[in-house]
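S.K.: My questions will all concern the structure given below.
The values are calculated or read from the model by the stated rules, or taken from the named source; none is laboratory data. This structure is a prediction, so every number in the text was calculated from the model and none was measured. Note that each Cβ is placed from the backbone with ideal geometry, even for glycine, and that neighbours are counted across all protein chains shown. All accessible areas refer to the heavy atoms of the entire protein, side chains included, with ligands and DNA or RNA removed. Shrake-Rupley method; radii C 1.70, N 1.55, O 1.52, S 1.80 Å.
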Amino acid sequence: MRCLVCESTAVTERPECTAQGYRRFRCRACGKQFNERSAGLLNRTQYPSDVIALVVLWRLRYKLSLRDLTEMFLVRGIVFSHEAVRDWEAKLTPALAEDLRRRRRGHIGRSWYVDETYVKVHGHWRYLYRAVDRDGALVDVMLSERRDLAAAKAFFRSARTVTGVVPDRVTADGHDAYPTAIRSELGEAVRHRTNVYLNNRLEQDHRGIKDRYRPMRGFKNIASAGRFCCAFDELRNFLRVRAFHRQHVSADRRRLRYLRRTVSILAILEVA
């Protein structure tokens, strides 16, 4: 254990704990006092980290509103408001998405399928750029206010940075901005295909975010919408039990994989 201020190793543990049961420490060099989660995003919150992590996980994974979550935990004797859920989501989802992106860097296929879908933000339709590879794994997701060349370039630039992979071919619709954006950001050697039939796999994959955000009745601002859509797709991709299309996974194996990956997600959220 090192001090959070001076990084000294002259740290002693205090006999008392915090109200949530976390150990407290004191640095003998600078006199600073801190606890186990002082360096995290959940410092000074009045609820245990495991409870907050479970709230954020259920918020992203299931079709639950903010008030649904407060009622579910009220039955369990834990009282908080829907605004607390909103605040926890805003704090933890960027860290979760970033961690999951690092895990899949370099593990994406070289055949990409790109398309946009519509998401309503404050009463206006915005464009959610999404891409998956040949096996259905997520490449990248980006919310944009416009559907133009600048947005297409930004999406391909983000996808290349996140995955660390330059594709061999990109399948998209007939949007005029894609050929120029692909040549500019991915290179001249990348083959661009425009085939509506081949892109049906991504059209079907759009149902994930559509089904999840529809009970929310839209988003209030572009920042929260982009944050939620990115974290939702990253979590959904991480919890996939199939590595490729039409792979047979037994029910026991499916449950075991889901349990292990869910525990990993909770661990990421607790230490964030």
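S.K.: If you scan region 158-199, which residues turn out to be in contact with a Leu (Cβ under 9 Å, 6 or more places away or on another chain) and among the basic types (Lys, Arg)?
M.R.: Hit for region 158-199 is ARG160, nothing else.
S.K.: If you don't mind, there's one more thing I want to ask. Applying the selection to region 18-45, what residues are within 23 Å of LEU92 (Cα to Cα) and among the hydrophobic types (A, V, I, L, M, F, W, C)?
M.R.: Residues satisfying the conditions are ALA19, PHE34, ALA39, LEU41, LEU42.
S.K.: Quick one: in region 155-174, of everything that is touching a Ser or Thr at 6+ places or on another chain (Cβ under 9 Å) and open to solvent by less than 60 Å² (accessible area, probe 1.4 Å), which residue is nearest to ALA97 (Cα to Cα)?
M.R.: PHE155
S.K.: Here's another thing I want to ask about it. Applying the selection to region 123-164, what residues are touching a Gly at 6+ places or on another chain (Cβ under 8 Å) and closer than 13 Å to GLU185 by Cβ?
M.R.: MET142, THR163
S.K.: Please specify each residue of region 196-225 satisfying the condition of being open to solvent by 80 Å² or more (accessible area, probe 1.4 Å) and within 16 Å of SER65 (Cβ to Cβ).
M.R.: Of everything in region 196-225, those that are open to solvent by 80 Å² or more (accessible area, probe 1.4 Å) and within 16 Å of SER65 (Cβ to Cβ) turn out to be ARG214, ARG217, LYS220.
S.K.: Within region 9-30, count every residue that is assigned to a loop (DSSP other than H, G, I, E, B) and either in contact with a helix residue (DSSP H, G or I) (Cβ under 6 Å, 6 or more places away or on another chain) or modelled with pLDDT of 80 or more (or both).
M.R.: Residues in region 9-30 being assigned to a loop (DSSP other than H, G, I, E, B) and either in contact with a helix residue (DSSP H, G or I) (Cβ under 6 Å, 6 or more places away or on another chain) or modelled with pLDDT of 80 or more (or both): 6 in total.
S.K.: Separate question: Which is surrounded by 12 or more Cβ atoms within 10 Å (Cβ to Cβ) and over 21 Å from VAL55 (Cα atoms), of LEU239, LEU186?
M.R.: Going through LEU239, LEU186 in turn, the sole match is LEU186.
S.K.: I want to confirm something. Restricting to region 32-90 and keeping residues that are among the β-branched types (Val, Ile, Thr), touching a helix residue (DSSP H, G or I) at 6+ places or on another chain (Cβ under 7 Å) and not in a helix (DSSP H, G or I), which single residue is farthest from ALA19 (Cα to Cα)?
M.R.: Here the residue is ILE78.
S.K.: Looking at region 65-73, can you tell me whether even one residue there is within 22 Å of the chain's Cα centre (by Cα) and in contact (Cβ under 8 Å) with a residue 24 or more places away in the chain?
M.R.: Yes, region 65-73 contains a residue that is within 22 Å of the chain's Cα centre (by Cα) and in contact (Cβ under 8 Å) with a residue 24 or more places away in the chain.
S.K.: Go through region 126-140 and report how many residues are within 26 Å of ALA223 (Cα to Cα) and open to solvent by 10 Å² or more (accessible area, probe 1.4 Å).
M.R.: Adding up the residues that qualify gives 3.
S.K.: Right, another one. Considering SER65, SER49, SER38, which residue is among the hydroxyl-bearing types (Ser, Thr, Tyr) and open to solvent by 30 Å² or more (accessible area, probe 1.4 Å)?
M.R.: Result of the check over SER65, SER49, SER38: SER65.
S.K.: Is one or more of the residues making up region 194-203 charged (D, E, K, R), at pLDDT below 90 and more than 19 Å from THR93 (Cβ to Cβ)?
M.R.: The answer is yes, given that some residue of region 194-203 is charged (D, E, K, R), at pLDDT below 90 and more than 19 Å from THR93 (Cβ to Cβ).
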